[in-house]
Structure formats: C-alpha cells, structure tokens
1. Which of A:218, B:35, A:77 has the fewest other C-beta atoms within 10 Å, and how do the rest follow up to the most?
2. Quick check: residue separation of residue A:183 and residue A:115 times 0.36 nm, minus the Cα distance between them. What number comes out in nm?
3. Once both labels are modelled 7 Å past Cα along the beta-carbon direction, what's the residue A:213-residue A:49 spacing in nm?
4. Starting at the first residue of region A:32-40, write each ³J(HN,Hα) from the Karplus equation 6.51 cos²θ - 1.76 cosθ + 1.60 with θ = phi - 60°, in whole Hz, x for Gly and Pro.
5. Helix A:52-67 sits at what angle to the longest principal axis of chain A, using alpha carbons and giving 0 to 90 degrees rounded to 10?
6. Rounded if a/c is under 1.5, else prolate if a/b is larger than b/c, else oblate: which is the protein assembly as shown, with a ≥ b ≥ c the root eigenvalues of its Cα gyration tensor?
7. Which whole-Hz couplings ³J(HN,Hα) result when phi for each residue of region A:156-162 is put into the Karplus expression 6.51 cos²θ - 1.76 cosθ + 1.60, θ = phi - 60°, listed in order with x for Gly and Pro?
8. Quick check: the angle from helix A:119-128's long axis to the longest principal axis of chain A, C-alpha only, nearest 10 degrees?
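Just so it is clear, none of the values below were taken in a lab; they were calculated from the coordinates. Since this is a predicted model, take the numbers as computed values, not measurements. Positions of Cβ are backbone-derived with ideal geometry, glycine not excepted, and every protein chain shown enters the neighbour counts.
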Amino acid sequence: MMALTDFLRDVGNDSALLLGGLRSTLLLATTISITGFVGGVLVFFCTLTSNRIGRYWVESYISFFIGTPLLVLLFLMYYGLPQWGVRLSPLWVSIIGFTLNVAAYNARYLTTAYRGLDTGELEAARAQGFTSWQVFTLITLPQVLRLSIPGLTNQVILNLKDSSIAFLIQYTEFFAQIQELSARNFKFFQAYLFAGIVYLGLVSVIVLIARHLEAKCMIPGVRG
Amino acid sequence: MALLEIKDLVKRFDGRTVLNGVTFELNEGQTKVIMGPSGCGKSTLLRCLNRLLEPDGGQIFFRGEDVALPDTDIRQHRQRIGFVFQQFALYRHLTVLENITLGLRKLRRLSTAAADKKAAYQLERMEMGAHRLKYPAHLSVGQKQRVAIARALAMDPAVLFFDEPTSALDPLMSLEVAAVINQLRSENVTMLCVTHDVSLARHVTDRVIFLDDGQVKAEDSAEQLLTTHADPRIRQFFGQPAALK
Ligand SMILES: Nc1ncnc2c1ncn2[C@@H]1O[C@H](COP(=O)(O)OP(=O)(O)OP(=O)(O)O)[C@@H](O)[C@H]1O
Ligand SMILES: [Mg+2]
C-alpha cells in the first residue's frame, strides 16, 4: 500500500512530463490514424485499376509493408538516412513510417471487403450512366467502408498501442516518459502497470466509439 | 424511324464469336422479346447495345445515329436506356427511395426535393410507395423487381431493357411481372426483353426474336414460332423450354 501511494505521488510530481508524453502519443496516434486512413483509401482505389502493371505495383506495395516489421522501417529512416545527409525529426520519421505501414493494412481490409460486393450493383451503376469515379464514390466506397469498420477501427487501436515503439527512435511519447519516471524511482512494476492501465483506458474509448459507429452505419441485411 | 436499328452486330470473347451478325429493329412504342438457348448471347447482345461491352463489328443506330462509333458519348447513350437486371442489382446501402433518386440527383442534377417527387411518382406507379424507406434486404423478390423497374423509369429512358425479368420469380410473381410489362406497353413504353419464359413472351409481345448460333434465326409472333414455324429446332425450343434451361 505504501508503495502504491508513493508511486502515485511520483506520478503527481511528474504529471507535467507524463501529460506531455500522453499528448505526444495522442498526436502521433491521431495523425497516423487519419493519414493511414486516407492513404488506405487511395491505395485501395489504385488496386481497382484495370492496368495490369499498375495493379502489380499496388499489390507489391501492400505486401511489402505488411511483410516488413515497422521497427526496421523506422530505424532505417531515423538511423540510416543521416548517412546520406537526410535528417528527419523523430515525429516525422514516425508519421511517414506508420502512414506507409497503416495505409497498407487499411488497403488490405478494403480490398477484402471489396471482394464481398455484388458486381451486379457496380454494373447497374455503370449501365445507369455513372462515371467510374461516381461508381467508386457513390456505390463502392460507401459499401466497402461500412463493411470494413471492424478492421479499420481495430487498426486505430493498433495505432495507439504501436505508437509506443516510437520511443525507440527518441520520440518522447507517453511510454518514453514512463521509462524516465521508472528509471528515477526504480518502481518499474508500478510504472509499467500504470502505463498499461492508461493504454487500456484509451483503447476502451476507441472500442466504444467503434461499436457506436458500427451500429449506426451497418447496411441493413448485410453482414460484414 | 426505328428507335433502335441493329446491323450485323459482332461480338467475340477471346476469339470465340458469340454474336455473328445480329440484325433487327425496334420501333418506338414497340415491345420485342428475345429468346434463344442458354449461352447463345442474349445478355451479351443487351450489354453491347448500351456499350457495357464493346462490339467487335456492326452498327447500332439509335434514332438514326450510330452509337457503336468510338466517338459516341457512352454515358449519355446509357442514360437513354433503362436496364433492369436479372438480379435487380439494387444498391443495398441505399433505401428504396434513394435507389431511385441517386441517378436523378447525380446524373440529371435535380434538387433533392424534385428527385424525391419524381421517385415517389414512379414508386406509386409500381405500387411500392409504402416501401420507400425500406432497404433492399427487406424486400421480397417481386418488390425488388418493381423497384428496379421504377429506378429505370425514373430516368425517363427512351427504351427499357429487361434481362430475364422472371427467372428469379415463382410462377405467380412471373404473372405479376407480365402484368407490369403489359401496363407499360399500354403506356407505349418501348421495351426489349430477354427471357427463357415462353409464357411471359406470349403475354407481353407482338414479336419474338429467336437468337441462335449468334444470329437472328427467326422473328415472328410467339404463337407462330411455337406452333407452325418451319424449323423443327425452333418448334422444339418453344415446345420444351424447361429441358433447354
Ligand atoms: N465477359 C465474358 N468473357 C468471356 N466469355 C463470355 C463473357 N460473357 C459471356 N461470355 C460467353 O458468351 C456466351 C454468351 O453468354 P451470354 O451470357 O450472353 O448468354 P445468354 O444467352 O444470356 O445465356 P443465358 O440464357 O444462360 O443467360 C457464353 O458462352 C458465355 O460463356
Ligand atoms: Mg443471360
């Protein structure tokens, strides 16, 4: 009991640093969730090209970034690029690296959902006289996005949790501050437990929003 | 002048010729039915006529203008044709009403109010007004069919295409569809209808086109083709539709 109140006092003393770290975590997670979403939709759009070579490149992009550990990519950019005179801040490396990675995963969710669409509807839309772009924005995307809500929101949760690895390239987010704290007071167990609880709390919020979104956007009679 | 005049239409898939010089006409206000064995190219023919598929040869005159030419405004052409698909192809993320207003708003550029009004009129015409806020998944097959027809009619097409409108329906509902088509016929809607259904053909049309081996083999009334046509293959087809399905 003593240990816990002691620890909470340490947290209180360091609250400015911890809150700053939390802000950095949320900044990174929110940014890559947005850029990764937009990127995923763009990559998904590219997979629909009838150009065989174009499709090959898009498929390669998705496979490459799903198949490569994100950490390798972050290290490559943060520690590798300066060799060629390119120096990027930890935040920028994180945003670029995560976006490339998250967009690939999101594109994969969307292409999987796309395979479940009724091609007859897409043909009917073309027969009505819609342009390819209108078919995409009015029929394909609204359906594919709704079918992908579970995958896409799960990715947002992963973004929040995985953002903690950015501390390995000197991005001082929440987990980095926790490390700092525990290195000073040596209460490692309490520190990591505290971090786990904070992440769990944030994830719960995302889950609640996701459930709400899913219930609201479900296509009647269609299971994702 | 004929609304549609098709001359020597040719379509190949990977070197295999499916349509091999199809020629026929469809006049304004006329209803024609296209019949023929499975796989003879009926759906392919309809898709070539609105350029969902690219013909490999021949001409398609729409009110005298060849719409098979490369410089044709394809989207403009498609908007003049109401296509009712076999599986109805309703947009499942949209309500019945939205299914109909989408084209009116995005292609015809009507205001939401004007589009709603027009859609409501077509839905009443198809006796679907009470269902306008439902989603496709909550409709019966016959109701989906009516919505698909209302969606096509709302665009004021010059001609309606039906691809196998009764193949998904039970006999009773098939009669209903026949009644709807007859209603449209009495209103002088021009229609081209592909079907396997001999009784539908007899109910709705003056003229049946018999398609086989990629060509129009005969064109006559359904009665005529069924009973007295000289070609035994044609008599047999109409005599035993079930066996050939
Ligand atoms: N996109 C395509 N690529 C290759 N072959 C095709 C394609 N579409 C149709 N075919 C072939 O062309 C032929 C005619 O097909 P189509 O669907 O037009 O026949 P149909 O008369 O409508 O048959 P059904 O009565 O079964 O509907 C068939 O042999 C079919 O396999
Ligand atoms: Mg067919």
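1. Sorted ascending by nearby Cβ count, the order is A:218, A:77, B:35.
2. Numbers: separation 68, 0.36 × 68 = 24.48 nm, distance 5.03 nm.
Length gained between residue A:183 and residue A:115: 19.5 nm.
3. 2.8
4. 6, 5, 6, 5, x, 5, 4, x, x
5. Between helix and principal axis, roughly 20 degrees.
6. Details: a/c = 3.40, a/b = 2.51, b/c = 1.35.
Verdict is prolate for the protein assembly as shown.
7. With coefficients 6.51, -1.76 and 1.60, one gets 4, 4, 4, 4, 5, 5, 5 Hz.
8. Its long axis makes an angle of about 60 degrees.
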